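In what follows, a single structure is set out as structure tokens and then discussed.
The values are calculated or read from the model by the stated rules, or taken from the named source; none is laboratory data. Quick caveat: nothing in here was measured; it's all calculated off a predicted structure. Here the Cβ positions follow ideal geometry from the backbone for every residue, glycine too, while neighbour counts run over all protein chains shown.
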Amino acid sequence: MRTHLSLVTSLLLFPFLAHAQAPFTVGTASAAPGQKSTGTLEVPAGVDAATSIPVIVINGAKPGKVLALVSGAHGTEYASIIAIEKLITALDPAQLTGTVILVPLVNIQSFELKVPHVNPVDNKSMNRFYPGKADGTQTDRASFLITKEIVDRCDYLIDYHGGDLDESLRPYSYWAPVGREAQDRTSKEMVLAFGLDHIIIWRERPTDLTATRYLDNTAAVRGKPSIVVEAGHAGTVDPDDLSLLVNGTFSTMRALKMLPGEPHPIENPVWLDKLEDVLSDGPGIWYPLVKRGTYVAAGMKLGYITDFFGKVIAEPRAPVSGVLLHVNAVPSLKKGDNIADIGVPAAQAP
């Protein structure tokens, strides 16, 4: 009788046990509970070349939620890429509750050819064409696959960026409330736990599911709490920037109950509710007079631009008072280039 009952119990539990022990697969990476696996997302050829995007799955020993960590949409934002590389090694599946999907480098061609801002295959930013499409150019097809394989599979998402080759950037993050109380509460908890001391409140975001543009926004409109974090400047891989990104990730994972221990949230961040771009009116040579992270008053001269004979042709000034989140880091300018970004502090914390 006891044997019969044990057999019945085992048969009843088998589907649940099988499900609990099933591997988690993204692209060609497949990890059983307690394991790590590396693989690729294979973007097929279309109107232009195919590409392979590296992906890592870390499946925790305990079941739980799925967190996606994505970097390298701009392949010369090196600090954020290297931070994800370090997390691949540092995250221990034995300590993990749930699953982490890591994508350290979306824009392979940008990285290899040292081309800032865009994918040199189709000259598109790889964080402006989500949710993508299966029959577009390489950026469109990669965005489509990332949406399907990563965004639609995760519960939370962190998108990592930083100063590109021509950007001297101070660290900051984005929190984008969507008007859903529970989701906004969780994403706010995530951005505070990450610990960067300047946070942009990004309110004006696309809401059309077919034209979400940004990776984190694609996750957010699908109901997944998500944040953007930025550290690193002008092609450098500074240990302080790496520590901000790696330690911030650990803290956020603790806040989400994916790692043991307590998070270390930032207590009094500077909330920014407006971002002002200062753009170049034409080509020239840029001479900055200000540094990233400094506060400027409206009307203050940020630097000057000369022609190729040394004659001053422009003196860009701050259109608003605020903090310089980044300043153009190289002398080269063409019409429309971003000279500086100024964050305007919010009147009150959200």
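Miscellaneous remarks
- Looking only at residues in the range 212-227 that are of a type outside the set (Gly, Ala, Ser) and more than 20 Å from Ser125 (Cα to Cα), the one that is surrounded by the fewest Cβ atoms within 10 Å (Cβ to Cβ) is Arg222.
- Residues satisfying the stated conditions in the range 246-289, i.e. under 20 Å from His161 (Cβ atoms) and among the hydroxyl-bearing types (Ser, Thr, Tyr): Thr249, Ser251, Thr252
- When residues of the range 170-191 are limited to those that are in contact with a helix residue (DSSP H, G or I) (Cβ under 9 Å, 6 or more places away or on another chain) and either closer than 21 Å to Leu324 by Cα or outside the structural domain of Arg222 (by TED's automatic domain parsing) (or both), the one surrounded by the most Cβ atoms within 10 Å (Cβ to Cβ): Val191
- Some residue of the range 267-284 being assigned to a helix (DSSP H, G or I) and touching a His at 6+ places or on another chain (Cβ under 7 Å): no
- Note on the range 155-168: among residues that are more than 15 Å from the chain's Cα centre (by Cα) and part of a strand (DSSP E or B), the one that is farthest from Glu77 (Cα to Cα) is Ser168.
- Within the range 135-153, not a single residue is farther than 21 Å from Ser187 by Cβ, part of a strand (DSSP E or B), assigned by TED's automatic domain parsing to the domain that holds Pro63 and under 17 Å from the mean Cα position of the chain (by Cα).
- Looking across the range 68-98 at every residue that is of a type in the set (Ser, Thr, Tyr) and outside any helix (DSSP H, G or I), the one that is nearest to Ala220 (Cα to Cα) is identified as Ser71.
- Filter result for Asp135 (touching a Lys or Arg at 6+ places or on another chain (Cβ under 6 Å) and either buried (at least 21 other Cβ atoms within 10 Å of the Cβ) or among the charged types (D, E, K, R) (or both)): no
- Criterion (crowded, with 16+ Cβ neighbours inside 10 Å and not charged (D, E, K, R)) met by exactly one of Gly299, Gly303, Gly310: Gly303
- Filter pass, Val330 being surrounded by 15 or more Cβ atoms within 10 Å (Cβ to Cβ), assigned to a loop (DSSP other than H, G, I, E, B) and either outside the structural domain of Gly235 (by TED's automatic domain parsing) or touching a helix residue (DSSP H, G or I) at 6+ places or on another chain (Cβ under 9 Å) (or both): yes
- Just so you know, in the range 201-249 the residues that are without any contact (Cβ under 8 Å) to a residue 24 or more places away in the chain and part of a helix (DSSP H, G or I) include one that is nearest to Asp159 (Cα to Cα), and it is Ser243.
- Meets criteria (under 19 Å from the mean Cα position of the chain (by Cα) and touching a residue at least 12 places away in the same chain (Cβ under 8 Å)) for Val57: yes
- Within the range 333-343, the only residue that satisfies the criterion of being surrounded by 14 or more Cβ atoms within 10 Å (Cβ to Cβ) and in a loop (DSSP other than H, G, I, E, B) is Asp337.
- Residue count for the range 304-327, restricted to those that are more than 30 Å from the chain's Cα centre (by Cα), assigned to a strand (DSSP E or B) and among the small types (Gly, Ala, Ser): 1
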